[in-house]
1. Put +1 on the Cβ of each Lys and Arg and -1 on the Cβ of each Asp and Glu in the range 115-156; which of S139, F151, S124 then has its Cα farthest toward the positive end of the dipole?
2. Could you work out how far apart the two model spin labels at V42 and F273 are, taking each label as a point 7 Å from the Cα in the direction of the beta carbon, and quote it in nm?
3. Output the peptides 80-90, 155-165, 298-308 sorted from most to least packed, where packing is the average of other Cβ atoms within 10 Å over each peptide's residues.
4. Restricting things to alpha carbons, tell me how big the range 226-279 is in terms of Rg and Dmax, in Å.
5. Peptides 92-99, 281-288: what's the order by average Cβ count within 10 Å, highest mean first?
6. Would you pull out the residues with amide H under 5 Å of R23's amide H, same chain only if 5 or more places away, H placed 1.01 Å from N?
7. Compute the length gained on full extension between D217 and N291: take 0.36 nm times their separation in residues and subtract their Cα-Cα distance, giving the result in nm to one decimal.
8. Relative to the compact-globule scaling 2.2 N^0.38 Å, provide the ratio for the alpha-carbon radius of gyration of the range 60-174.
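The values are calculated or read from the model by the stated rules, or taken from the named source; none is laboratory data. Just so it is clear, the structure is predicted and the values come from calculations on it, not from any experiment. Cβ sites come from the backbone with ideal geometry, for glycine too, and all protein chains shown count toward neighbours. Accessible surface areas use protein heavy atoms only, side chains included; no ligands, DNA or RNA. Shrake-Rupley method; radii C 1.70, N 1.55, O 1.52, S 1.80 Å.
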Amino acid sequence: MREPCSGTPESGGIHSGNTGGCRRIFLEGNLSVSELCAGDEVRNLRTLSNLFGVTLNARENIITITGSDEDAGRVNAFFSDLSALYKLRKSPITQRDFDFLCGSYRNNAPGDPVKLWKNRLEVSPKKPCVMPRSRRQQSYVELMRECEVVFGVGPAGTGKTYLAMAMAVASFLKGDVSRIILTRPARESGERLGFLPGSMEEKVSPYLRPLYDALYDMLNYDEAQTLIQKGIIEVAPLAFMRGRTLNNAFIILDEAQNTTVDQMLMFLTRMGFGSRCVITGDPQQSDLRENERSGLKHALETLQNIRGIGFALFEPCDVVRHRLIETIITHYTSGEGFTEKP
């Protein structure tokens, strides 16, 4: 159990004590219960009561915990983590922060806020930094710093593509690479779109939209458009990668579960000198035909134990989208009759 963080009135730390058989958490400085509860004190204290099996009451800057010593200790550690995050970021706790930390404790896998903060990615002076939100995300960021090729594999919503995009932008801004290449296979998700009118660019644009969305979240629209127009950032279908050698580039292959073995080999051999490559995908959401073997699955089986290649494997508990998505994914993947494609 981590010790509760201490703090001065300016830093907004917490300390705890026992009074009349109950444990109390005292918020120091100007920090309030409402701020640590993302502005929804009643709802979020009720969530914590259900999560930890305790009774919580708050008054001004004091939280009273009624329950076993072990459960009260976990509540104390939870608020210690929230307080540490508040101090490090110097910004309000959001509902997203609160819900994700609840999920981490629910799965007994809370990350250390200090280590998570140290692994933050500075993406733009005009945008907030991107910070990993779990131990697996922290390990993923560390792998991307250490390895030339990294596979980020797991359910939707675990931050695989988002963190890869943040690492690419941060690497470019630091001068580690001179350009960013974003690509994904143009596969329909159960629908045939070939009848749609328009040029090739117009036809493939819907497949690439998620990459643009993540990019615009990292950079201002005008800034991103300028880099795209200059060719510094390139977003293209995987088929356009054939025959190229990409030097001094940060290359991201998204939706890799929709690659065949031949396409994966083609992509991996595009990497040139001074380049880094991140491959992301969710094997449970493949749009390959039944007779096609997954290039992602084959790569995971073939490239183990090779120096310079790292693997980050995410679980449903790492989902950082809406709190219900973890539950939905868990029920789908554990349901009877669900089969993974080859």
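1. Of the listed residues, the answer is S124.
2. Modelled inter-label distance: 6.6 nm.
3. 155-165, 80-90, 298-308
4. Using the Cα atoms of the range 226-279, the pair Rg, Dmax is 11.3, 35 Å.
5. 281-288, 92-99
6. Amide H to amide H, under 5 Å and 5 or more residues apart or across chains, R23 pairs with I65, G67.
7. That pair, D217 and N291, stretches by 22.9 nm at full extension.
8. The reported ratio for this selection is 1.19.
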